[in-house]
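**Q** Sharing a structure here in structure tokens format.
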Amino acid sequence: MKAKAVVFTGVNEVAYLDVEVKDPGPDDVVVDVEHSWISVGTEQSYLRGERISGEQVTRAGDVLPFPQVAGYQKVGIVREVGSGVTSVKPGDRVFASVSRVEGMA
């Protein structure tokens, strides 16, 4: 499945790109994102190359986590739900903090 995303492609480098999203499984929810925001703390420190994961700051020799889809906080409308999902249904407005994009950190 194709989608569009803001992608950190390198230190202080940002692009709006086509990305590949895994087909949904039985426990997945597909959301048409209306609004997404980039954290001025955690995500901007990734963009500046200051951290490699969670609270792990960058050290000499670390491989930086690029490319990386930005905007882990998002709001949108549920388009599709897997067979095991019972808590939301298509048409529901939701907040999401997880995405699965192929080939991205």
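The values are calculated or read from the model by the stated rules, or taken from the named source; none is laboratory data. A quick note: this is a predicted structure, and the numbers were derived from the prediction, not measured. Heads up, the Cβs are rebuilt from the backbone with ideal geometry, glycines too, and the neighbour counts pull from every protein chain shown. Heavy atoms of the whole protein, side chains included, go into the accessibility calculation; ligands, DNA and RNA do not. Shrake-Rupley method; radii C 1.70, N 1.55, O 1.52, S 1.80 Å.
**Q** Report every pair of residues separated by at least 6 positions or lying on different chains whose Cβ atoms are under 6 Å apart, first residue within segment 7-34 and over 15 Å from Gly49 (Cβ atoms), second of a type in the set (Asp, Glu) and surrounded by 11 or more Cβ atoms within 10 Å (Cβ to Cβ).
**A** Val30/Glu80
**Q** Sticking with this one: Output the qualifying pairs, or none if there are none: Cβ atoms under 9 angstrom, residues six or more apart or on different chains, first residue in segment 89-105 and on the phi > 0 side of the Ramachandran plot, second residue not in a loop (DSSP other than H, G, I, E, B).
**A** As it stands, the answer is Gly91/Ile77; Gly91/Val78; Gly91/Arg79; Gly103/Val19; Gly103/Glu20, since those pairs meet every condition given.
**Q** Which of the strands (runs of 3 or more DSSP E) found entirely inside segment 1-87 contain at least 2 residues meeting this: open to solvent by 60 Å² or more (accessible area, probe 1.4 Å), within 16 Å of Ser99 (Cβ to Cβ) and of a type outside the set (Ser, Thr, Tyr)?
**A** Once the strands (runs of 3 or more DSSP E) in segment 1-87 are filtered for at least 2 residues that are open to solvent by 60 Å² or more (accessible area, probe 1.4 Å), within 16 Å of Ser99 (Cβ to Cβ) and of a type outside the set (Ser, Thr, Tyr), what remains is 2-10, 13-20, 29-37, 73-81.
**Q** Also, quick follow-up: Quick check on segment 65-102: of everything there that is at pLDDT 95 or above and aliphatic (A, V, I, L, M), which residue is nearest to the chain's Cα centre (by Cα)?
**A** Filtering first and then ranking leaves Val75.
**Q** Does Val98 count as closer than 23 Å to Val21 by Cα, out of contact with any strand residue (DSSP E or B) (no Cβ under 7 Å at 6 or more places or on another chain) and hydrophobic (A, V, I, L, M, F, W, C)?
**A** yes
**Q** Oh, and also: Filter segment 88-101 down to the residues that are assigned to a loop (DSSP other than H, G, I, E, B) and open to solvent by less than 80 Å² (accessible area, probe 1.4 Å) and list them by number.
**A** Those that are assigned to a loop (DSSP other than H, G, I, E, B) and open to solvent by less than 80 Å² (accessible area, probe 1.4 Å): Val88, Pro90, Gly91, Asp92, Ser97, Ser99.
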